[in-house]
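Rule-based calculations on the coordinates, nothing more; no lab input. If you're wondering where the values come from, they're calculated on a predicted model, not measured in any experiment. Heads up, the Cβs are rebuilt from the backbone with ideal geometry, glycines too, and the neighbour counts pull from every protein chain shown.
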Amino acid sequence: MIDVAAAVMVNEARQVFIAQRNKPQELAGMWEFPGGKIEEGESPKESLIREIKEELGVEIKITRFITESIYQYNFGKVRIFAYLAELSSGEIEVKEHNAASWVDLAELNNYQFVPADVEIVDQIKEELN
């Protein structure tokens, strides 16, 4: 199983930050909450802070755990640990995605999310409304 940590970043306007994948091919063009693989010896939170710094060039403050999502892709099973987070410093620079956007909760249904993130979308819409 591939363990991943994801940040559900919410701004003062209660918008959620999402990013459009560019790989692998079967997920390219779909949207996700940014984050990445948890490396050996890292906690999910440590991984998430590192990944957001690498992918977006910003520091985040993790406020709490939201949910865990498990999905079986054709390339393997993925388990995502999703955390609510906020920007603590820096300006977002999209480095590893095709695009990114701050989106109102009501607009999340207009985006095609990677299958493993759909459960997270449902959870945050319920919790943040």
Yes/no for S69 being in contact with a Lys or Arg (Cβ under 8 Å, 6 or more places away or on another chain), buried (at least 18 other Cβ atoms within 10 Å of the Cβ) and either on the phi > 0 side of the Ramachandran plot or not in a strand (DSSP E or B) (or both): no
Selection count, segment 101-129, where residues are closer than 18 Å to V4 by Cβ and not acidic (D, E): 9
Pair list, Cβ < 8 Å and 6+ apart or interchain, from segment 16-33 residues that are touching a residue at least 24 places away in the same chain (Cβ under 8 Å) and assigned to a loop (DSSP other than H, G, I, E, B) to residues that are among the small types (G, A, S) and crowded, with 20+ Cβ neighbours inside 10 Å: F33/A6; F33/A7; F33/A19; F33/A82
Subset of segment 102-119 that is in contact with an Asp or Glu (Cβ under 9 Å, 6 or more places away or on another chain) and outside any helix (DSSP H, G or I) - its residue that is farthest from W31 (Cα to Cα): V114
Hits in segment 84-106 - residues which are without any contact (Cβ under 8 Å) to a residue 40 or more places away in the chain and either surrounded by 14 or more Cβ atoms within 10 Å (Cβ to Cβ) or touching a strand residue (DSSP E or B) at 6+ places or on another chain (Cβ under 9 Å) (or both): S88, S89, G90
Segment 80-99: number of residues that are of a type outside the set (V, I, T) and either within 16 Å of A13 (Cβ to Cβ) or part of a loop (DSSP other than H, G, I, E, B) (or both): 11
Qualifying residue in segment 36-53 (condition: assigned to a strand (DSSP E or B) and within 21 Å of V121 (Cβ to Cβ)): yes
Per-region count, segment 54-66, residues outside any strand (DSSP E or B) and either within 18 Å of P24 (Cα to Cα) or not aliphatic (A, V, I, L, M) (or both): 3
